[in-house]
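Colleague: My questions all concern the structure below.
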Amino acid sequence: MLKGGYSGKILKVNLSNEKVDVVNTENYFDVNLLIGGKGLAAYTLWKELKQGVDPLSEGNILVFATGPLTGTLCPGTRICIAAKSPLTGLFCDSYVGGHLGAEIKMAGYDAIIICGKSEKPAYIWIQDEHIEICDANHLWGLDTFRTEEAIRKERNDRNIRVACIGPAGEKLVRFAHVNVDRYRQAGRGGLGAVMGSKKLKALAVKGTGAISIYNVKDFLEKAKEAHKAVLKNETARARKRWGTARTIVFTADQDLLPTRNFKEATFEEAENLSAEILEKRFWIKHKACHSCPINCGKLGVVRSGKYAGTIVEGIEYETLALIGANCGIGNYEAVAYANLLCDMLGLDTISTGNVIAFAMECYEKGIFTEKETEGLKLNFGNEEAAIRLIEKIAKREGLGDLLAEGVKRVSEKLDAECKRFAMQVKGLELPGYDMRASPGMALAYITADRGGCHTRAWPISYEISGKAPDGTIIERYSTEKRAHIVKEQQDRNAACDTLVACWFLKTAVGNERYVGMLNAATGMEFTVEEFLAVGERIWNLVRLFNIREGLRKEDENLPDRAFEDPIPSGIAVGQKLERSQLEHILREYYAIRGWDENGVPTEEKIRQLKLNSLVS
Ligand code: SF4
C-alpha cells in the first residue's frame with residue numbers, strides 16, 4: 001500500500017481507439033525495485049513495447065513519468081519523457097524542467113503512457129480526472145510557442161502546462177524535441193518525432209490536487225536541509241548566476257570544446273560566447289523550475305543589430321558549443337536567434353548543431369556543392385547559412401530533408417569518407433565535450449544507454465583535477481579508474497533519475513538527503529546502498545532492452561576522427577585516442593558491470609539485481 005509521494009494512478013491513453021484507462025501504480029510496477037521516473041519508463045518499454053517496432057510507427061510507446069518527489073518541495077524535480085528513439089532505435093529518456101511534472105502529479109497521475117496513433121492531429125487534454133482527446137487540426141503547422149498560446153487561450157487558463165511539438169516533430173525530423181513551458185525542451189533522441197508520428201501535437205495538463213506526503217514534518221525538515229545545502233554549494237551558486245553558459249570558457253581552455261565539427265577542440269572566439277558577455281549584454285531575468293532555488297534559466301534579449309528583438313531562454317552551454325563553436329560561429333546574437341528558431345520549430349540544438357557542422361565540412365570538402373545546398377555557402381562560420389539550414393531541416397526542404405535524418409544516416413548515404421567525421425555514437429549526435437582530450441568521456445559516450453550522451457556519466461572533473469573519487473591520483477589522458485568512475489556515475493545518475501531530480505543539483509543535495517526525502521515522502525525505508533542498487537538495476541534493465549532491440553558490442557565505438565585526427569592546437573595538442581586503449585577500458589567496464597565479453601548481463605548479474613522477476 002502506497003503511503004505517500006505517489007499519486008497511485010497511471011493514465012494510459014490509446015490514440016488508435018481513443019481508449020483511456022487508469023491503472024493502479026502499485027499493480028503496474030514494483031516501486032520498491034524501480035521507484036519511478038526512469039525506472040517506470042524503462043519497465044514500461046520493456047514490458048509493453050513489441051520487439052523490433054519502428055520508432056515512428058503506431059507501435060511505439062511514449063511515457064511521461066514522474067517520480068515520488070516530483071511536485072514536492074524537493075529542490076528541482078523535472079519530468080522524464082521516454083520512448084524508443086527514431087535516431088538510435090534504442091531506449092531514450094529525455095528530461096525537462098519547468099512545471100509539467102508537478103502539474104501531472106497534481107492532476108493525480110504518476111505517469112501518462114501513450115500508445116497507438118491518432119487518425120488526425122490531436123492533443124490530449126487532462127484536467128484532473130477529466131481526460132479528452134481533442135482535435136488539433138487548427139494547431140497542426142504551428143510553432144511550439146503559438147501552440148502553447150493557442151491551447152491556453154482556448155482553455156481560458158494561462159497556467160495550463162503544455163508539452164508540444166513544432167513543425168519538425170510533425171515532419172518526423174529524427175532529432176525533433178518536445179517543448180515544455182515555452183523555453184524548456186526534452187531535447188535528445190527525437191521524442192518530438194515520436195509524438196509527430198502519433199499525430200499528437202500536444203499534451204496539456206491542469207492539476208488542482210494535493211500531493212500526499214507520508215511524514216510531513218520530517219519531509220519538510222529534510223527538504224529544508226536540501227535547499228540549504230544547494231544554496232551553500234559553490235557549483236550550484238555559480239550556476240545560479242551564470243547558468244550553464246560558464247562552461248564554454250572552461251572547455252575552450254581545456255581543449256574539450258568541439259569546434260568546426262570536432263576538427264579542433266578550442267575556439268578562438270569562445271570569449272564572445274562567454275557567460276560574462278551574456279550577463280553584460282543579453283540576460284534580463286533568471287527563471288526556475290518547480291521548487292528550485294537556483295533559477296539557472298536565463299531569459300535574454302538581443303538589443304541591437306540584425307537579430308534585435310530575439311527573446312529566448314539560454315543560451316545553454318550545449319547550444320553555445322554545438323551551434324556556436326562547432327559551426328565556427330562566434331556571434332552570440334546569431335546563436336541566440338538560431339536557438340530561438342530551434343525552440344519554436346522543435347529541434348534539439350545539440351543534434352542540429354552537429355548536423356549543420358557535418359554539412360559544413362561536407363561543403364568545404366566538396367561533397368556538397370551549391371547544387372545540393374541550393375546556393376547556400378555552407379562554410380564554417382557562415383551564420384546566415386546555418387540559420388537558413390535550420391529552417392530547411394525543420395520543414396524537410398531540399399538538403400534539409402536529407403539532414404533531418406541525423407548525421408549517422410546521412411553519412412551512410414554519402415561516401416565512406418563521411419563516416420569518419422559523422423560525430424555520433426549509436427546514432428545520437430555528440431554533445432559539447434571532445435573525447436580526444438578525455439578518455440573517461442570517450443567511455444561515457446560509447447556506453448551511454450541512449451547513445452552519445454554526457455548526462456549519464458561526466459568523468460571530466462576527475463580527469464582535470466587529477467584525483468579519482470577515492471582520492472588517488474589519476475593522469476588526465478590515462479585510462480586508469482575510468483571504468484569504475486563511469487560505472488558509478490551511471491548507476492548513481494540512474495538512481496537520481498527515478499526521482500527525476502535535476503542533474504545540476506545532484507552533488508549539492510547528495511545521496512543521503514535524497515534518500516531522506518524519499519523515505520519521508522513515501523514511508524519507504526531505503527538505505528543509500530539500496531537506492532544506488534536501484535540505479536544499477538535500471539541500468540541493466542535498459543541494457544537488456546537495448547540488446548533486445550539489436551544493440552551489439554560493435555556499436556560501442558566512436559567515429560574514426562577520435563582515433564585518426566589529433567587535436568591540432570591548445571593544451572592537448574597532438575592528443576587522440578588509441579583503439580586498443582578504448583577496447584581495454586570497455587573490457588574492464590564490462591567486467592566491473594558483471595557482463596560477459598560481449599557486454600551482455602550474465603544470468604548471475606540479473607539474479608543478483610533481482611531483475612529476473614521483471615524480465616522473465
Ligand atoms: S538547476 Fe536549473 S534546470 Fe535544474 S531544476 Fe533548477 S532551474 Fe531547473
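The values are calculated or read from the model by the stated rules, or taken from the named source; none is laboratory data. On a predicted model such as this, the values are computed, not experimentally measured, just so you know. In this analysis, Cβ positions are derived from the backbone assuming ideal geometry, glycine residues included, and neighbour counts consider all displayed protein chains.
Colleague: For A210, work out the one condition from (1) modelled with pLDDT under 95; (2) within 14 Å of the ligand (Cβ to nearest atom) it doesn't fulfil.
Modeller: The one condition A210 does not meet is (2).
Table: residues versus (1) buried (at least 24 other Cβ atoms within 10 Å of the Cβ); (2) closer than 17 Å to K198 by Cα.
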{"position": "G97", "(1), (2)": "yes, no"}
{"position": "L100", "(1), (2)": "yes, no"}
{"position": "K105", "(1), (2)": "yes, no"}
{"position": "G108", "(1), (2)": "no, no"}
{"position": "P121", "(1), (2)": "no, yes"}
{"position": "W140", "(1), (2)": "no, yes"}
{"position": "K171", "(1), (2)": "no, yes"}
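Colleague: Tally up the residues in segment 301-322 that are part of a loop (DSSP other than H, G, I, E, B), surrounded by 15 or more Cβ atoms within 10 Å (Cβ to Cβ) and among the small types (G, A, S), please.
Modeller: 1
Colleague: With respect to L389, determine if the residue is in a helix (DSSP H, G or I), surrounded by fewer than 20 Cβ atoms within 10 Å (Cβ to Cβ) and of a type outside the set (D, E).
Modeller: Answer is no for this residue.
Colleague: Something else about it: Out of curiosity, is T88 among the polar types (S, T, N, Q), within 16 Å of the ligand (Cβ to nearest atom), crowded, with 24+ Cβ neighbours inside 10 Å and assigned to a loop (DSSP other than H, G, I, E, B)?
Modeller: no
Colleague: Here is a follow-up. Scan segment 159-182 and give yes if some residue there is modelled with pLDDT under 95 and of a type in the set (D, E, K, R), otherwise no. If you could, list the steps in order and put the result at the bottom.
Modeller: Restricting attention to segment 159-182, the residues satisfying the condition of being modelled with pLDDT under 95 are 159, 181-182.
Next, from what is left, pick out any that are of a type in the set (D, E, K, R): 181-182.
Among the residues of segment 159-182, at least one is modelled with pLDDT under 95 and of a type in the set (D, E, K, R), which makes the answer yes.
Colleague: In segment 576-588, is there at least one residue being within 24 Å of Q254 (Cα to Cα), in the same structural domain as D449 (by TED's automatic domain parsing) and in contact with a Leu (Cβ under 6 Å, 6 or more places away or on another chain)?
Modeller: Checked segment 576-588: at least one residue is within 24 Å of Q254 (Cα to Cα), in the same structural domain as D449 (by TED's automatic domain parsing) and in contact with a Leu (Cβ under 6 Å, 6 or more places away or on another chain).
The rows are residues; the columns are (1) under 16 Å from the mean Cα position of the chain (by Cα); (2) at pLDDT below 95; (3) not polar (S, T, N, Q).
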site: I460; (1), (2), (3): no, no, yes
site: G471; (1), (2), (3): no, yes, yes
site: R482; (1), (2), (3): no, no, yes
site: V486; (1), (2), (3): no, no, yes
site: D491; (1), (2), (3): no, no, yes
site: A494; (1), (2), (3): yes, no, yes
site: W503; (1), (2), (3): yes, yes, yes
site: G523; (1), (2), (3): no, no, yes
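Colleague: Right, next: Look through I485, I538 and report the one residue that is in contact with a Pro (Cβ under 8 Å, 6 or more places away or on another chain), within 26 Å of Q424 (Cβ to Cβ) and assigned to a helix (DSSP H, G or I). Outline the logic, then answer.
Modeller: Numbers: I538 fails: in contact with a Pro (Cβ under 8 Å, 6 or more places away or on another chain).
Selected residue: I485, the only one of I485, I538 that is in contact with a Pro (Cβ under 8 Å, 6 or more places away or on another chain), within 26 Å of Q424 (Cβ to Cβ) and assigned to a helix (DSSP H, G or I).
Colleague: If you go through segment 65-85, how many residues are within 15 Å of the ligand (Cβ to nearest atom) and either surrounded by fewer than 24 Cβ atoms within 10 Å (Cβ to Cβ) or of a type in the set (G, A, S) (or both)?
Modeller: Matching residues across segment 65-85 total 4.
Colleague: I need a count of the residues in segment 499-512 that are within 16 Å of the ligand (Cβ to nearest atom) and touching a Cys at 6+ places or on another chain (Cβ under 9 Å). First the steps, then the outcome.
Modeller: Step one: list which residues in segment 499-512 are within 16 Å of the ligand (Cβ to nearest atom), which gives 499-510.
Those still in the list that are touching a Cys at 6+ places or on another chain (Cβ under 9 Å) too: 499-506, 509.
Counting residues in segment 499-512 that are within 16 Å of the ligand (Cβ to nearest atom) and touching a Cys at 6+ places or on another chain (Cβ under 9 Å) gives 9.
Colleague: Let me ask something additional. Report the residue count in segment 284-300 for those that are of a type outside the set (K, R), assigned to a strand (DSSP E or B) and out of contact with any helix residue (DSSP H, G or I) (no Cβ under 9 Å at 6 or more places or on another chain).
Modeller: In the first step, residues of segment 284-300 are kept if they are of a type outside the set (K, R); the result is 284, 286, 288-297, 299-300.
Retained after the next criterion (residues that are assigned to a strand (DSSP E or B)): 284, 286, 297, 299-300.
Narrowing further to those that are out of contact with any helix residue (DSSP H, G or I) (no Cβ under 9 Å at 6 or more places or on another chain): 284, 297, 299.
Residues flagged as of a type outside the set (K, R), assigned to a strand (DSSP E or B) and out of contact with any helix residue (DSSP H, G or I) (no Cβ under 9 Å at 6 or more places or on another chain) within segment 284-300 amount to 3.
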